[in-house]
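The values are calculated or read from the model by the stated rules, or taken from the named source; none is laboratory data. As the structure is a computational prediction, the values presented were derived from the model and not from experiment. Every residue, glycine as well, gets a Cβ built from its backbone with ideal geometry; the counts of neighbours run over all protein chains shown. Calculation scope for accessible area: heavy atoms of the full protein, side chains included, ligands and nucleic acids excluded. Shrake-Rupley method; radii C 1.70, N 1.55, O 1.52, S 1.80 Å.
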Amino acid sequence: MAGLGTETAFEVLARAKALEAHGREIVHLEIGEPDFDTPRNIVDAGVTALRGGYTHYGPSAGLMEAREAVASYFSKDRGVLVGPDNVVITPGAKPILFFAILALVNPGDEVIYPDPGFPIYESVISFFGAKPVPLPLREERQFTFDAADLEARLTPKTRMLILNSPHNPCGSMLSREDLRHVAEIAMRRNLWVLSDEIYSKITYEEKHESITQFPGMLERTIVVDGFSKAYAMTGWRLGYGIMPKDVTPHIARLMTNSNSCTASFCQIAGIEALKGPQHDRDSMVAEFRRRRDFIVEGLNSIDGIHCVEPKGAFYVFPNVKALGLSSAKLQNRLLEEAGVAALSGTAFGPEGEGYIRFSYANSKENIARALEKIESLLQKV
Ligand code: PLP
């Protein structure tokens, strides 16, 4: 168990809450969840489902109507054809990450994953006895990876490659050209791709592209997606994986062995999320875009901070190297002295040294307040 990692966001949140309990004012820019409520039509569908008796066990792979709704949404959205046999519904997106690595990677295999990146990748790869191989994301490439860096990390033991676009913590997105290159490598080297597309609907100028759109890739890709971010449904725990038909029964069996099934009424609410009106989602994304513009401009106006404009998700990952403090120290001083909860870039891997992650899933007023607090702390640093 000592080898299993964690997400520091939950630890920082706990420390911030403890300070608040002692009367301190804290602006929360640490946690990765929309500050919006789940849209009303989705809540109503969930309540109706509860009253209508969706309170029993369901199939491990998910209710057939939910798998059909996901398959038809995914086919239309990504422009590829999948059916319910390609879908497993899970409590949140995270179980798909866990199950896909457990099912497809053997001890001793190597898995390439983004650094900085969502900390659960590295944690789970190591936990199952495989070797995590970090792939650096470069600020000068708008936090995407260099093709030469990827090629240099391939060995005969490479089994899987993890992609995350839009990206947590950098907000970067992989271009079609980047994806084409990965697809070509995956085909040539017979690799699995785990494509974490949980932020696919939170994009600004550019549309999200999925690696499944390249010939042959649906047969070797597990897509991770879900409802937490796009529909502000983090607490419902509802996500899904899209995978080749012959992988589905194995992931479903892992569900039988762990969760039994995903809560039935949540799945009915999820169907409404996909099929119902999308204006709440669209206005949430429009608001995130305004906040992104605001926080990027605010951070770039502070001496010693340089912030690349993210293309998706709701995080900024500014470079703070000029301040001369380690990221972990800055995270602590931001929380304890300035009252701003944020995450050290190193919470996302060693390449995150020199960066801080702020989530802008908070009101513009609070972001403005945080920017003032950061600026006055930095005058002391
Ligand atoms: N993948 C990434 C990149 C995330 O940032 C998150 C949540 O923060 C998840 C997966 C997990 O999503 P869920 O809450 O639906 O399990």
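Between ASP77 and ARG369, the FRET efficiency from the beta-carbon distance, with R0 = 35 Å, is close to 0.45. Net charge dipole, the stretch 191-302: roughly 280 debye, given to the nearest 20, about the Cα centre with Cβ charges of +1 for Lys and Arg and -1 for Asp and Glu.
Measuring with a 1.4 angstrom probe and ignoring ligands and nucleic acids, LYS321 comes out at about 110 Å² accessible. Once you list every other residue whose beta carbon is under 12 Å from the beta carbon of THR158, what net charge do they have if Lys and Arg are +1 and Asp and Glu are -1? Overall, the nearby charge balance is +3. Between LYS321 and PHE294, full extension at 0.36 nm per residue minus the direct alpha carbon distance yields a gain of 7.6 nm. For the stretch 7-57 versus the stretch 230-266, the inter-centroid distance based on Cα atoms is 20 Å.
In plain terms, if you count all Cα to Cα distances in the stretch 111-172 and split them into 5 Å steps from zero, the share in each step is 4, 18, 31, 24, 16, 6, 1 percent.
The listed residues PHE127, PHE143, PHE265 rank as PHE127, PHE265, PHE143 when sorted by accessible area, largest first, using a 1.4 Å probe.
For the stretch 40-275, the dipole from Cβ point charges (+1 on Lys and Arg, -1 on Asp and Glu) about the Cα centre works out to 540 debye, to the nearest 20. Go ahead and estimate [θ] at 222 nm for the chain from helices alone: -39,500 (n - 2.57) per DSSP H run with n ≥ 4, summed, over the residue count, rounded to 500. Rounded to the nearest 500, it is -12500 deg cm²/dmol. Proximity of backbone amide H atoms, modeled 1.01 Å from N, is registered between ASP196 and LEU163, ASN164, SER165, VAL224 at under 5 Å, excluding neighbours fewer than 5 places apart on the same chain. Note on the chain: with neighbouring protein chains present and a 1.4 Å probe, carbon and sulfur make up 52 percent of its accessible heavy-atom surface.
Within the full protein context, the accessible area of ILE305 is estimated at about 20 Å² for a probe radius of 1.4 Å.
The trypsin sites (Lys or Arg not before Pro) of the stretch 199-248 that meet both conditions, a loop assignment by DSSP and at most 15 other Cβ atoms within 10 Å of the site Cβ, are LYS207, LYS245. A dipole drawn for the stretch 40-275 from +1 and -1 charges on Cβ atoms has a positive end, and of THR203, SER165, ILE242 the residue lying farthest that way is ILE242. Considering only alpha-carbon pairs that sit under 8 angstrom and 6 or more positions apart, the relative contact order computed for the stretch 236-381 is 18 percent. Put a dot 7 Å past the Cα of ALA103, heading toward its Cβ, do the same for GLU219, and the two dots end up 1.8 nm apart.
Between ALA328 and LEU154, the contour length at 0.36 nm per residue exceeds the alpha carbon distance by 59.5 nm.
Dipole check for the stretch 1-125: with +1 at the C-beta of Lys and Arg, -1 at the C-beta of Asp and Glu, and the Cα centre as origin, the magnitude is about 380 Debye. Rolling a 1.4 Å probe over the protein heavy atoms gives the stretch 40-275 an accessible area of 38 Å² per residue. Placing unit charges on each Cβ (+1 for Lys and Arg, -1 for Asp and Glu) gives the stretch 40-275 a dipole about its Cα centre, and among VAL223, LEU179, PRO134 the Cα reaching farthest toward its positive end belongs to VAL223. The antiparallel fraction among DSSP beta bridges confined to the stretch 40-275 stands at about 35%. Compared with the rule-of-thumb size 2.2 N^0.38 Å for a compact globular protein, the chain has a Cα radius of gyration ratio of 0.97.
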